[in-house]
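Input: a single structure, listed below in structure tokens.
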Amino acid sequence: MNRDEQARLTTTAIAETRAWVDRAVIGLNLCPFAKAPQVKGLVRYVVSLAEDPAALLADLITELERLAERKAEQLETTLLIHPRVMVDFADYNDFIEVAEDTVAELNLEGVLQVASFHPQYQFEGTEPDDVTNATNRSPYPTLHLIREDSIDKAVAAFPEAEAIYEVNMATMERLGPEGWAALQQQCRQDAQGG
């Protein structure tokens, strides 16, 4: 992949992921805590062009350290998008354990955590085509690096945080497969400026 192709992939992946955050995560209120950091420009969107797990791990370490070193007022959260590695959900799911171990090895447990999003995301006990899986289906495999303090503050401000999961499942069931497909198409159009 030459530099022009890398630049195009990076630009496209960020644009589609931003559109997904705006239309799905915020637009469907899948995460009531996502709007404020997005509006304030405190979400870092970064693309890893890694082609193997070791290179992705190196990028993950860099981004975890960057987030830990910055104040929340400067950088609230990071979406590490990796379109060229861990495209198979089973491989990606295995890598999540590596990511969590890395947080511990960096002495960042209780400071940062990693949430998972993937185009093929599948909750345990569901079928692959179950529309409720779409709550965690991003345009590209993505590791979401989150501050624990931010989660604590958001949960304190949101009286029924434990109900978010059930509300999200109901939202996706109302939207249905056709609605989810239409929303994904809107995200792609937004990313293309249309």
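None of the figures in this text is laboratory data; all of them are computed from the coordinates on show. Just so it is clear, the model here is predicted, and its values are computed rather than measured.
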Query raised in the report: Given 4 °C and 1.567 mPa s, how large is the Stokes-Einstein diffusion coefficient of segment 10-99 in µm²/s, with Rh as the Kirkwood radius over Cα pairs?
Result: 92
Query raised in the report: Which ³J(HN,Hα) values, rounded to whole Hz and listed in residue order, are derived for segment 30-45 from phi using the Karplus coefficients 6.51, -1.76 and 1.60 in 6.51 cos²θ - 1.76 cosθ + 1.60 with θ = phi - 60°, glycine and proline given as x?
Result: 5, 9, x, 9, 7, 5, 4, x, 5, 5, 7, x, 9, 9, 8, 9
Query raised in the report: ³J(HN,Hα) across segment 75-80 via Karplus (A = 6.51, B = -1.76, C = 1.60, θ = phi - 60°), whole Hz, x for Gly/Pro?
Result: 8, 8, 7, 10, 10, 9
Query raised in the report: Just from the alpha-carbon atoms, what are the Rg and Dmax of the chain in angstroms?
Result: 16.2, 49
Query raised in the report: Ordered by residue, what ³J(HN,Hα) values in Hz, to whole numbers, does segment 61-69 give under the Karplus form 6.51 cos²θ - 1.76 cosθ + 1.60, where θ = phi - 60° and Gly and Pro are x?
Result: 4, 4, 6, 4, 5, 4, 5, 5, 7
